[in-house]
Amino acid sequence: MRHGDKIKNLGRTASHRAALMSNLTCQLIEHKRITTTLTKAKSLRVYAEPLITRSKEDNMHNRRIVFSYLQNKEAIKELFGVIGDKVANRPGGYTRIIKLPRRMGDAADMAMIELVDFNTIYGKDNDAAGAKKTRRSRRSGGAKKAEAATETAVENTVTEATEAPATDATETATEENA
């Protein structure tokens with residue numbers, strides 16, 4: 001029985017598991033998005049997020065602590081440089097796990113884990129530039145906007161309809177007189 005045992009062992013010894021998490025974290029820092037099994041992704045989030053939190057404050061103490069986990073100078077530079085600056089105002093939740101279809105060979109549950117602030121496919125980067133976020137109610141706000149849009153569309157079509165025949169009639173009348 002595993003009562004109170006919260007760590008996911010991943011079928012590995014402690015040293016193998018530490019090396020695996022260190023390597024996965026270095027790859028996540030380098031590539032900003034990796035694909036792995038769902039269980040490894042969930043374990044990686046628990047391992048990597050405290051290290052990313054340390055990167056918010058760039059001092060020698062935090063660098064040494066993170067280096068004791070990762071053992072990769074390039075990953076430390078990237079973490080405390082680019083990533084630390086980008087996540088400085090975020091209070092947590094630096095990673096996102098997205099489930100993928102099962103792997104063909106062994107039908108393992110797959111997932112993509114990515115750094116939230118470095119997403120280029122969707123999110124804040126692709127919203128309208130300078131769009132102001134407002135609080136929205138689920139009632140009546142959308143209905144009023146939809147009514148206003150239909151009213152303006154109807155007005156535009158009415159004005160176009162009244163203008164178009166008048167110009168056509170005057171043109172045909174001048175052609176008949178000539």
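Rule-based calculations on the coordinates, nothing more; no lab input. Model, not experiment: these values are computed from the prediction. Note that each Cβ is placed from the backbone with ideal geometry, even for glycine, and that neighbours are counted across all protein chains shown.
Could you tell me whether ARG90 is closer than 19 Å to GLU114 by Cα, basic (Lys, Arg) and surrounded by fewer than 19 Cβ atoms within 10 Å (Cβ to Cβ)? Yes.
Looking at the structure I just gave you, is ARG12 crowded, with 17+ Cβ neighbours inside 10 Å and not aliphatic (A, V, I, L, M)? So ARG12 fails the test. Taking the criterion of being surrounded by 16 or more Cβ atoms within 10 Å (Cβ to Cβ) and part of a loop (DSSP other than H, G, I, E, B), the residues of the stretch 59-87 that qualify are ASN72, VAL87. Among residues of the stretch 33-76 being touching a Gly at 6+ places or on another chain (Cβ under 9 Å) and among the acidic types (Asp, Glu), the one that is nearest to ALA19 (Cα to Cα) is GLU49.
Can you tell me which residue is nearest to LEU79 (Cα to Cα) among those in the stretch 1-41 that are in a helix (DSSP H, G or I) and charged (D, E, K, R)?
First, pick out the residues of the stretch 1-41 that are in a helix (DSSP H, G or I): 14-31, 38-41.
Checking which are charged (D, E, K, R) leaves us with 17, 30, 40.
Working: ARG17: 21, GLU30: 9, LYS40: 21 Å.
My answer is GLU30.
Within the stretch 97-119, can you find the residues that are surrounded by fewer than 16 Cβ atoms within 10 Å (Cβ to Cβ) and under 15 Å from the mean Cα position of the chain (by Cα)?
So in the stretch 97-119, the residues surrounded by fewer than 16 Cβ atoms within 10 Å (Cβ to Cβ) come out as 97-109, 112, 116, 119.
Listed by number, the residues that qualify are ILE97, ILE98, LYS99, MET112, VAL116, ASN119.
Inclusion of LYS56 among residues that are part of a loop (DSSP other than H, G, I, E, B) and charged (D, E, K, R) is warranted.
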